[in-house]
1. Could you grab me the full set of residues in segment 224-250 that are within 21 Å of Q77 (Cβ to Cβ) and in contact (Cβ under 8 Å) with a residue 40 or more places away in the chain?
2. Right, L179: in contact with a helix residue (DSSP H, G or I) (Cβ under 9 Å, 6 or more places away or on another chain), assigned to a helix (DSSP H, G or I), open to solvent by 10 Å² or more (accessible area, probe 1.4 Å) and under 16 Å from R124 (Cα atoms) or not?
3. Among the listed residues S218, S194, which satisfies the condition of being under 19 Å from A92 (Cα atoms) and within 11 Å of the chain's Cα centre (by Cα)?
4. Does K130 qualify as being closer than 28 Å to C197 by Cα, open to solvent by 80 Å² or more (accessible area, probe 1.4 Å) and of a type in the set (K, R)?
5. For segment 201-291, please list each of the helices (runs of 4 or more DSSP H) lying entirely inside it that holds at least 3 residues being modelled with pLDDT of 90 or more and under 14 Å from G190 (Cβ atoms).
6. Considering only segment 156-165, state which residues are open to solvent by 50 Å² or more (accessible area, probe 1.4 Å) and touching a residue at least 24 places away in the same chain (Cβ under 8 Å).
7. Being within 17 Å of the chain's Cα centre (by Cα), on the phi < 0 side of the Ramachandran plot and among the β-branched types (V, I, T) narrows it down to one of I110, I189, so name that one.
8. Scan segment 109-118 and give yes if some residue there is in contact with a strand residue (DSSP E or B) (Cβ under 8 Å, 6 or more places away or on another chain), within 30 Å of F89 (Cβ to Cβ) and small (G, A, S), otherwise no.
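The values are calculated or read from the model by the stated rules, or taken from the named source; none is laboratory data. Note that the structure is a prediction, hence the values are computed from the model and not measured. As a convention, Cβ positions derive from the backbone with ideal geometry for all residues, glycine included, and neighbour counts pool all protein chains shown. Only protein heavy atoms, including side chains, enter the accessible area calculation; ligands, DNA and RNA are left aside. Shrake-Rupley method; radii C 1.70, N 1.55, O 1.52, S 1.80 Å.
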Amino acid sequence: MESTKNKEFSANTTEKCILCGKETEYINNTPIEDRQFYIEGAGQLCQNCYYDLYIKQNDSEIIKVKEIQPYQLKTTQKIYSFFKSLIDFSIALISLILLLPLFLVVAIAIKCDSNGPVFFVQKRIGKNGKLFNCLKFRSMSVQAKPNVAGYEYENVKSYITKTGAFIRKYSIDELPQLLNILTFKMSLIGYRPSQPCEETLNTARENYDLYQIRPGISGWAQVNGRDYLAAKPNIKAEFDAYYLRHFSLWIDIKIFFMTMANVFKHSDIIEGVVQNAEQAIQDNHNLKNNN
């Protein structure tokens, strides 16, 4: 196969999908390796084949069309990572000051609504694979199981409090992670920190060398599926790997505004077990394409 590594698209350039042969049109000058559905070492896929390939595979199967390639941050990305930490710290500090009244209101509502602490503290995996205490506003009763991945939680709605339902709907429960940013354990944008029990996701992330950077309050996987992707950890890890390889100020800005849009639209939120993850992801993908 002719190498297309350094090939660039001009306006209205088309490229054939390596699986189905469908002509896919691009309308910008983005290098081919920067396309989301470009498979390094193989070639370009159309969106349908990409989703068919990754969604219809079982998590235990190896993706035949692509070998996982280790990735080390480029020098420019390492420099950006340093300045990103300073930017994150500044934004988090200012945000906490401005949001202090909201924090007080939410804290009072949580205490009045149910017994238990205001904050929920959970061990999550961060940079270099180290565990840290990830903070959230408590949105569930104290009887809820603390170490179960959300997409595996049976009857999760029976544990969510009234206040919890509201703050989860608007992602307010994630705001205490601004404190994690002040301790340099997290960033505003990154990958969502996982629990140690999420073994499939953690292994895939290790293979992609994702733990070179800090986890974030939002990320590329969150704005491309969030809870839909959580039930398919290998697909989620692929989105995380895409973020790592394109780690830059531009993609962080893009994710930030996509996150704001998703929060206002309450997009991609599923509570508890996803009964049919493959169909849910595909339906979500089709819905977004039609909007």
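1. E238, D240, A241, Y242, Y243, L244, R245, H246, F247, S248, L249
2. Details: in contact with a helix residue (DSSP H, G or I) (Cβ under 9 Å, 6 or more places away or on another chain): yes; assigned to a helix (DSSP H, G or I): yes; open to solvent by 10 Å² or more (accessible area, probe 1.4 Å): yes; under 16 Å from R124 (Cα atoms): yes.
Yes; evaluated as a whole, the condition is true for this residue.
3. Only one candidate passes the filter, namely S218.
4. On the way: closer than 28 Å to C197 by Cα: yes; open to solvent by 80 Å² or more (accessible area, probe 1.4 Å): yes; of a type in the set (K, R): yes.
Judged against the criteria, K130 is a match.
5. Working: elements: 227-230, 233-245, 249-265, 277-290.
The helices (runs of 4 or more DSSP H) meeting that bar are 233-245, 249-265.
6. Of segment 156-165, the ones open to solvent by 50 Å² or more (accessible area, probe 1.4 Å) are 157-159, 162, 165.
Hits for segment 156-165 are K157, K162, A165.
7. I189
8. No, segment 109-118 has no match at all.
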